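Read the structure below first, then the notes.
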Amino acid sequence: MSVAIITGSAGLIGSEAVKFFAARGLNVVGIDNNMRKEFFGDDACTQWNLTALQKTVSNYTHFSCDIRNYATLEKIFSQYAKDISVIIHCAAQPSHDWAALQPHVDFTVNANGTLNLLELTRQYCPDATFMFLSTNKVYGDTPNSLPLVELETRWDVAKNHPYHGVGIDEYMSIDHNKHSLFGVSKASADLMVQEYGRYFGMKTACFRGGCLTGPAHSGTKLHGFLSYLMRCALTHTPYTIFGYKGKQVRDNIHSYDLVNALWHFYQAPRVAAVYNMGGGPQNSCSVLEAINLCQTVSNEEIVWHYDDTNRIGDHIWWVSDVRRFQQDFPSWDFQYDLTRTIAQIYTAVKETQEMGVSYA
């Protein structure tokens, strides 16, 4: 039986991929050592999600392994080598701010860890499909140089610009700009994934995510925007908006829709593919708009404060143009809109509260 290796398997996208690929008959090998808790504290702990996977997914095997440890990874790859058909690499240090606190850890996790997985794929299962969860932050702050227009509750790109109404495509330069250290480490990994495809002829893809979200997110102040915002609503925790008048825009894609895209790519893989993958214009919102949506869904008021200092390298406006992926895979489409996604997040956060679930 085919084996899927999934890193970050207890996280938002990793756990969704575990359930999705296992339900379609693959044996899933998960790699996750809960570094999210180390990065962001007890609230970000993914143990609750891992426990749920182990209880409900019978064809799931878990390894608590650090992707920076080549020798340990090699034991896993050698054990399953003849059966590995797909590697889904979700594990990462995902925060701008945290990267600046510990640059060496950020780079070794994001860049060196990705290199370890690519090289082991080349050595043990070169015909497997390798899919990497990259980020829109590989474009640095170039999106901030677009002709942006300030509206009542959000920024938007000017109506006469090619990106208006469709989003940013994959041809935007990733050079000559400020990325944040996180953006640099992810760009390094992104380029390496492409290079292993082009240089060695491997089936690789970079999915440059917008705002990835869903009910399995362990959202925290530094990462997991909508999940953390909903938790603030239900726990009456004050929320802080950082810069841009709270009108900065993100497009939000439900974890199911993203993983469904990974499945489509796995069915007909390409070499060194690159896709911007987010919710598109129809699933975009500003921070102010997200606060209103969360208040409407939860029927709770969110107390928020404003800090005029924006995060370094942060985007004022990001909306993904997903048309390249839709051209290559026309049978794929969104199953979740923003309202339905936020409603699911509300239910998940509410249930964990009522059940007294400890994230640690």
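Where residues in the stretch 14-29 are in a helix (DSSP H, G or I) and not small (Gly, Ala, Ser), which of them is nearest to Thr56 (Cα to Cα)?
Lys19
Being over 19 Å from Thr204 (Cβ atoms) and in contact (Cβ under 8 Å) with a residue 60 or more places away in the chain is the filter here, so list the residues in the stretch 81-108 that pass it. Full working, then the answer.
So the first thing to find is which residues in the stretch 81-108 are over 19 Å from Thr204 (Cβ atoms), and the list is 82-83, 93-108.
Scanning the stretch 81-108 gives Asp83, Gln93, Pro94, Ser95, His96, Asp97, Trp98, Ala99, Ala100, Pro103, Asp106, Phe107.
Does the stretch 223-238 contain any residue that is of a type in the set (Val, Ile, Thr), at pLDDT below 95 and assigned to a helix (DSSP H, G or I)?
Checking the stretch 223-238: at least one residue is of a type in the set (Val, Ile, Thr), at pLDDT below 95 and assigned to a helix (DSSP H, G or I).
Specify the residue that is surrounded by the fewest Cβ atoms within 10 Å (Cβ to Cβ); the eligible residues are those in the stretch 71-99 that are at pLDDT 95 or above and among the hydroxyl-bearing types (Ser, Thr, Tyr).
Result: Ser78.
Across the stretch 95-150, which residue is farthest from Gly183 (Cα to Cα) among those that are more than 19 Å from the chain's Cα centre (by Cα) and among the polar types (S, T, N, Q)?
The selected residue is Gln123.
If you scan the stretch 16-48, which residues turn out to be surrounded by fewer than 22 Cβ atoms within 10 Å (Cβ to Cβ), more than 18 Å from Ile87 (Cβ to Cβ) and of a type in the set (S, T, N, Q)?
Residues satisfying the conditions are Asn34, Gln47.
Looking at (1) touching a helix residue (DSSP H, G or I) at 6+ places or on another chain (Cβ under 9 Å); (2) part of a helix (DSSP H, G or I), which is the one condition that is false for Ala4?
All conditions pass for Ala4, except number (2).
Restricting the first residue to the stretch 144-156 and requiring it to be touching a residue at least 24 places away in the same chain (Cβ under 8 Å) and in a strand (DSSP E or B), which pairs with a second residue that is surrounded by fewer than 19 Cβ atoms within 10 Å (Cβ to Cβ) and among the β-branched types (Val, Ile, Thr) meet a Cβ separation below 8 Å and a spacing of at least six or different chains?
Trp155/Val149; Asp156/Val149
Looking at the stretch 3-21, I want the residues that are on the phi < 0 side of the Ramachandran plot and at pLDDT below 95 and have a partner that is in a strand (DSSP E or B) and not small (Gly, Ala, Ser) with Cβ atoms under 7 Å, at least 6 apart or on another chain. Which pairs are those?
Once the first residue is on the phi < 0 side of the Ramachandran plot and at pLDDT below 95 and sits in the stretch 3-21, its partners that are in a strand (DSSP E or B) and not small (Gly, Ala, Ser) give Leu12/Leu212.
The values are calculated or read from the model by the stated rules, or taken from the named source; none is laboratory data. As the structure is a computational prediction, the values presented were derived from the model and not from experiment. Every residue, glycine among them, receives a Cβ derived from its backbone with ideal geometry; neighbour counts consider all protein chains shown.
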